[in-house]
Amino acid sequence: MNHEDPVLSHTEGSVRHLTLNRPRALNALNHVMVRLMADALDAAERDEAVVAVLLTGAGERGLCAGGDIRAVRDDALAGGTASLDFWRDEYRLNARIARFPKPYVALMDGIVMGGGVGVSAHGSVRIVTERSRIAMPETGIGFVPDVGGTYLLATAPGELGTHLALTGDPVGAADALLCGLADHFVPAEGLTALVAALAQCTTPAEITAAARRHARPAPGGELAAHRDWIDSCYAAGTVEEIVDRLTGHGDPAAKQAAETIRAKAPTSLKVTLEAVRRARRLGGLEAVLDQEFRVSTAAFAGPDLIEGVRAQIVDKDRDPRWHPARLSEVTDEDVARHFAPLGDRELGLAPLPGASPEG
């Protein structure tokens with residue numbers, strides 16, 4: 001094992017450890033890492049001595065801050081297609097994780113955002129700590145939640161997922177559990193003991209039992225107390241009406257949510273709302289990932305992703321100039337364009353409606 005590799009792999013007992021190993025970049029994913037993870041999962045599935053996979057992140061700050069969006073911006077500016085190739089393999093990896101036949105344990109400690117959610121929250125045993133900060137913040141960079149994020153948010157109780165999708169707000173352990181993004185809370189100081197216990201397991205059932213045994217009640221969250229205004233305000237049919245309802249609500253947190261949403265990319269907001277609503281109807285993760293690939297492809301060709309990454313990551317002036325600049329200027333046609341079929345460029349994880357099993 002080369003300790004400079006961006007994904008490290010070793011085995012302890014019957015558990016194959018995968019460590020995202022770009023700590024200075026907060027383990028941001030790139031194409032090489034996605035391919036290495038896919039190869040590692042193939043090897044772990046074939047190895048009868050491996051009963052589970054454990055995913056962790058190197059360093060002290062978090063599991064993974066997402067994809068390498070600076071590289072995505074550079075690719076878009078150059079008129080390239082490397083980002084589309086990256087997303088194609090990344091989304092396939094997300095589906096692979098969700099369907100992995102052995103327990104896939106993800107330690108979602110610290111920052112877990114964007115692509116980091118994709119490689120963890122689709123797992124079968126998802127551990128959060130008091131340090132966990134989990135988010136899909138794409139609307140703030142002119143993009144739309146992907147990596148199966150719209151599937152996860154669409155299945156959250158009530159309108160909690162819509163709230164998180166539009167605001168991009170991070171959640172802690174208790175709220176991640178409430179939203180179905182995680183399964184167990186383990187205090188950070190207990191992770192070493194949990195990992196040691198997993199190494200002693202020899203069956204999948206022992207893996208899940210060990211996780212439950214080390215779990216503790218999570219410290220109090222925030223979202224449960226706000227369910228009334230979240231569910232009523234975000235049930236509106238348009239982003240404009242959602243913002244109006246939030247602004248007119250008496251709870252200061254609702255007004256703050258409205259202000260947060262107003263700062264995001266208008267096109268991203270409208271496409272995100274439509275994507276989450278459609279994800280509820282699509283049902284399966286693979287069909288949602290297919291939809292997300294269409295949306296990501298369209299967003300990659302637009303101006304807001306380049307501008308959003310510039311404002312947040314490159315120049316860091318936090319003053320993006322969105323195009324269009326107002327929600328009222330984003331047309332239904334602008335939104336629909338993001339969901340248009342891609343023909344022979346489709347991701348193709350789910351069968352097309354009416355297709356035969358062979359077709």
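The values are calculated or read from the model by the stated rules, or taken from the named source; none is laboratory data. Fair warning: this is a prediction, and the values are worked out from it, not measured in the lab. In this analysis, Cβ positions are derived from the backbone assuming ideal geometry, glycine residues included, and neighbour counts consider all displayed protein chains. The protein model used for the area step is the full one, side chains on, heavy atoms only, and it has no ligands, DNA or RNA in it. Shrake-Rupley method; radii C 1.70, N 1.55, O 1.52, S 1.80 Å.
In this calculation the C-beta distance from Ala196 to Glu333 is compared with R0 = 51 Å, giving a FRET efficiency of 0.35. Ligands, DNA and RNA left out, the accessible area of the chain computed with a 1.4 Å probe is 52% carbon and sulfur. Each 10 Å bin from zero holds the following percent of Cα-Cα pairs in region 8-116: 15, 45, 31, 8, 1. Using a simple spin-label model with pseudo-atoms 7 Å out from Cα toward Cβ, Asp317 and Asp251 lie 3.6 nm apart. Modelled spin-label separation between Ser232 and Arg278, with each label point placed 7 Å from Cα along the Cα-to-Cβ direction: 3.1 nm.
Using a cutoff of 8 angstrom between alpha carbon atoms and counting only pairs six or more residues apart, the relative contact order for the chain works out to 16 percent.
Under 17 Å of direct C-alpha separation, and excluding same-chain neighbours fewer than eight residues apart, Lys255 reaches these lysines: Lys264.
Put simply, the Cα atoms of the chain extend 58, 47, 46 Å along their principal axes, the longest span coming first.
The translational diffusion coefficient of region 77-193, from Stokes-Einstein at 25 °C and 0.890 mPa s with a Kirkwood hydrodynamic radius over alpha carbon pairs, comes to 167 µm²/s. All C-alpha to C-alpha distances of region 169-216, sorted into 5 Å bins beginning at zero, yield P(r) values of 5, 21, 25, 21, 16, 8, 3, 0 percent in whole numbers. At a probe radius of 1.4 angstrom, the accessible area of the chain per residue rounds to 43 square angstrom. Calculated FRET efficiency, Glu48 to Glu4, Cβ-Cβ distance, R0 = 25 Å: about 0.25 to the nearest 0.05. Remark: the Cα gyration tensor places region 200-353 in the oblate category, a/c being 1.5 or greater and a/b not exceeding b/c.
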